[in-house]
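The structure appears below as structure tokens.
The values are calculated or read from the model by the stated rules, or taken from the named source; none is laboratory data. Please read these numbers as outputs of a predicted model, since none were measured by experiment. Because the Cβ atoms are built from the backbone with ideal geometry, glycine has one as well, and the counts that use them run over all protein chains shown.
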Amino acid sequence: MTDIKYWIWFALCSREKLRLARKLFSAVGSVETIYNYTESDYINIGITDIEYLSKLCNKSMDASFREMFFAQQYGVEFITIESEKYPEMLRHIGDPPLLLYKRGEHYPVQNKLCIGVIGTRHSKKGNDVAFNIARDLSLAGVSVVSGMAQGIDTMAHNGVFAGGGHSIAVLGSGVNRPYPAENKKLMVSIMNHGCILSEYPFDTAPLGYHFPERNRILSGLCHGVIVVEAPARSGALSSASHAADQGRDVFAFPGDENDPAFAGCRALIADGAKKVGCVKDILEEYKSAYPQFFKTKTFKQSNAYFEIPDSPTYESPFSDIILGALKDGPKTAGEIAEITHLPLPKLNGHITLLELEGTIIRVPGTQAFMSGDDIL
């Protein structure tokens, strides 16, 4: 089995280049071999993207060791795309994540029917519906997947608890960064009744563009997705779109004919989503096709902890030196190397660490970095 540090290195390099990463892995077949390649080796198999080449040629393992350190502290398991534990349905979507961070003991995606229950964060009428659907699905033995957001997601997870079943939350942040922050207790409960999944490194903030990326994973884990409540412009429609593109079933509650809170749901139905009124409508779609997925034994709850004694830190020993080089304004890695006299390969690793922490940021549209404190 390939040492996990190579997979973490490859995933961190490839975060914004997944299609190129799949091409590279398909051609080479081993991330350890990919790590040991030179720039000319990458070019010879068709990897010519300058930004990606720069990341692949940075062989520092500092960021990988940081992730391994936090995984040990938080009880997180890394699941690579070549692992038997990797969700089979997710493996076959268009752009599967190379690496999943899993937090929680119950990971039922390989031998369970998984249904996504999603909807607006600003629910007006769908909260009770989401709770009841998730509870009844859970009682039938279905694993419920959602995104741990406010509104429909939160009620769906709580419904699973009431039904004594499994819940999976897919985050748009690191698995140690609950979002919203007030859902920290909910996160603990989900770990006790299932697991938290993310493709993002530890401490990654919940940035806006992460959620459309996250949605492809949420739908990719599922056999079908239920949109409980969604106005015309709702983030839940992104998950529904991913689900349709991935060949998953899409279900929607129509609501009242002229109710704007369900306008997005009605649009989905007009586009071919299945109109549902109760859980029975959903279960009938799967009971005959997947009888082996339905409940056969009692679920036993585990015990998870969100906090650990003395929250861990993993600081770059050169952070003060690097920040000192940026005090007069943004600089490229090469310019920082000249000022600090640090070897560029070593410096790149510590720049990655500081980026992950948010201590420094890349100036948009450039190769320069600036201190995070300079953001207005």
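Residue by residue, here is whether (1) farther than 20 Å from residue 355 by Cβ; (2) not acidic (Asp, Glu) holds:
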| position | (1), (2) |
| --- | --- |
| 25 | yes, yes |
| 43 | yes, yes |
| 49 | no, no |
| 54 | no, yes |
| 68 | no, yes |
| 71 | no, yes |
| 77 | yes, no |
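Here residue 112 clears all of (1) within 17 Å of residue 196 (Cα to Cα); (2) surrounded by fewer than 18 Cβ atoms within 10 Å (Cβ to Cβ) except the condition numbered (2). Of all residues in segment 126-134, at least one satisfies being touching a residue at least 40 places away in the same chain (Cβ under 8 Å), more than 21 Å from residue 179 (Cβ to Cβ) and touching an Asp or Glu at 6+ places or on another chain (Cβ under 8 Å). Whenever a residue of segment 158-176 is in the same structural domain as residue 126 (by TED's automatic domain parsing), its partners that are assigned to a loop (DSSP other than H, G, I, E, B) and basic (Lys, Arg), lying with C-beta atoms within less than 9 angstrom and at least six residues away or across chains, give the pairs 165/295; 166/112; 171/177. Does residue 124 meet the test of being of a type outside the set (Val, Ile, Thr), surrounded by fewer than 23 Cβ atoms within 10 Å (Cβ to Cβ) and part of a strand (DSSP E or B)? Taking the combined requirement at face value, the residue does not satisfy it. Residue 32 meets all of the listed conditions (1) in a loop (DSSP other than H, G, I, E, B); (2) more than 24 Å from residue 217 (Cβ to Cβ) but one, namely (1). Considering segment 260-280, and only residues there that are over 27 Å from the mean Cα position of the chain (by Cα) and part of a loop (DSSP other than H, G, I, E, B), the residue that is nearest to residue 226 (Cα to Cα) turns out to be 276. Confirm whether residue 313 is modelled with pLDDT under 75, part of a loop (DSSP other than H, G, I, E, B) and not assigned by TED's automatic domain parsing to the domain that holds residue 196. Yes: the conditions hold for residue 313.
In segment 234-285, the qualifying residues are those that are of a type in the set (S, T, N, Q) and crowded, with 22+ Cβ neighbours inside 10 Å, and the one that is nearest to residue 138 (Cα to Cα) is 239. I'd like to check something: does segment 66-85 contain any residue that is over 20 Å from residue 167 (Cβ atoms), crowded, with 19+ Cβ neighbours inside 10 Å and acidic (Asp, Glu)? So far as segment 66-85 goes, yes, one or more of its residues are over 20 Å from residue 167 (Cβ atoms), crowded, with 19+ Cβ neighbours inside 10 Å and acidic (Asp, Glu).
The set of residues from segment 227-259 being at pLDDT below 90 and outside any loop (DSSP other than H, G, I, E, B) comprises 236, 237, 238, 239.
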